[in-house]
Amino acid sequence: MRKLLTLLFMIAATPAAAHSWYPEGCCRENHCHPAPCDSIKPDRGGFWWFDDATQQVIHFESQQMKPSQDEFCHVCVTGWTGVCIFLPWRS
């Protein structure tokens, strides 16, 4: 059910609306998008994101993590390089 809700959010989110809150330093070329939170795993130096669509595994350093402006996870990637990762605050 959680994956279905995430997929529906990703489909419903328009690129203009989704990109309206991404910082320019993260998303200059519209390479940010929602990502299922369960595809992101923490490690000692940051986070790993597995992209189901491309089968790529992208690493993000801990300093690239920023708070999400909604309750979803988002990634900004250029090629094989992680630029920013947005995670919702967990209480």
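What to note about this one:
- The strands (runs of 3 or more DSSP E) found entirely in the range 1-67 that carry 2 or more residues being modelled with pLDDT of 95 or more and closer than 15 Å to TRP80 by Cα are 46-51, 56-61.
- Scan the range 68-91 for residues that are in a loop (DSSP other than H, G, I, E, B) and not aromatic (Phe, Trp, Tyr) and the total you get is 8.
The values are calculated or read from the model by the stated rules, or taken from the named source; none is laboratory data. If you're wondering where the values come from, they're calculated on a predicted model, not measured in any experiment.
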